[in-house]
1. In Å, what Kirkwood hydrodynamic radius results for the chain from the alpha-carbon pair distances?
2. When the Karplus curve 6.51 cos²θ - 1.76 cosθ + 1.60 is applied with θ = phi - 60°, which whole-Hz ³J(HN,Hα) does each residue of segment 177-194 get, with x for Gly and Pro?
3. Check cross-link reach from residue 272 to the aspartates and glutamates: straight Cα distance under 17 Å, and skip same-chain residues fewer than eight apart.
4. At 222 nm, what helix-only mean residue ellipticity would the chain give, in deg cm²/dmol to the nearest 500, using -39500 (n - 2.57) for each DSSP H run of four or more?
5. Normalised by the empirical 2.2 N^0.38 Å for globular proteins, what value does the Cα Rg of segment 134-237 take?
6. Any idea what log10 I(q)/I(0) is at q = 0.09, 0.14 Å⁻¹ for segment 29-144, Debye with uniform C-alpha scatterers and no solvent?
7. What size of dipole, in debye to the nearest 20, comes out for segment 7-92 about its Cα centre when the only charges are +1 on Lys and Arg C-beta atoms and -1 on Asp and Glu C-beta atoms?
8. Using a Cα-Cα cut-off of under 20 Å, which lysines could be cross-linked to residue 143, ignoring same-chain neighbours fewer than 8 residues away?
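A short reminder: the numbers here are calculations on the coordinates, not readings from a lab. This is a predicted model, so every value here is computed, not measured. Using ideal geometry, Cβ is built from the backbone for each residue, glycine included, and neighbour counts are taken over all protein chains shown.
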Amino acid sequence: MIGFYLASNIFTLAFALIGIAWLFLLPYHANLAAWLSLTTYTSALILPYFPGRPYMWEFAALLGWSGLIITISLRKYAPDAAEVIRRHRWLFVGLIGYCAVLMVTMFYRGFGLRIFGSEQMGGRFYFQQFSCAIFPVLFIMLKLNEKILIRLFIIQCLMTVTFFVSDFVFASGRGAGLWFILNFFELPGDAASFERMAQQFGIRRYQSLNIVSQGLIFLILVYHNLRDYFSRKGIYLIPLTVAFFGMGLLSGHRYLSLILIVAFIFIAFTQKFYRFSDIAM
């Protein structure tokens, strides 16, 4: 059967294999959802040969729903989960309010998946938001170890380099014979418009430089305290950070400057690099 569908309909084969794997891994869906979402959130990895080209972290959100049901049914959730949810109840009130706003918007503005003859689209992004609403509850139920979270975030920063693959394959054109790789990697959001700009004006921009630059700078901040920039380590930390920042600026995204400024201010506050009382004085 696999050989038949491999030759006749590869989408049906992919869907069948994913369904079988889904059933076999059902007891592990919650942990898989947490690990996949954290490691692939800033990556270009997609579910290969699947209609709609969903990101891997979007697929992880679906695993989270089934995983949460199994976790609660088997009573494998964290013992203090109910207390944590009660303590942070306003987070979930805001989450419910956000979903309610989405539903009202969908009702008045309409939505569609551009299937069954419908010309309206945008439904995928609504579905994405609703499916990702499971993550706050899921992470409270699992209560991952701090060291594991740090390792998963490190992998997330490293996985940003996957956008290099899709971005440069797309820019190389069909003649390079590498476009089949795009069945496994998604393009950055502005890749198509940047390519049209390059063909019309000769100025080529790669959005992947912006994404990878953020990942590498955040990776530095995982291993180093901000005070290290003002110590002997600053001899290599400052040039390395400036180099990664300069690489990101080649993408032409001003958003990079804004997000890094906000990140450095927030990290400096949490690391008690400054206090508001001292600034006020």
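1. Values: mean 1/r = 0.0455 Å⁻¹.
Roughly 22.0 Å, rounded to one decimal.
2. Working through the residues one at a time gives x, 10, 5, 5, 5, 5, 6, 10, 10, 8, 7, x, x, 9, 4, 5, 5, 5 Hz.
3. 228
4. Details: 15 runs with 187 residues, N = 281.
My calculation for the chain gives -21000 deg cm²/dmol from helical runs alone.
5. Numbers: Rg = 18.5 Å, N = 104, 2.2 N^0.38 = 12.8 Å.
With N residues counted in segment 134-237, Rg over 2.2 N^0.38 Å equals 1.44.
6. Normalising to I(0) and taking log10 leaves -0.29, -0.69.
7. Values: 6 positive and 3 negative charges, 44 e Å.
The dipole of segment 7-92 has a size of about 220 debye.
8. 76
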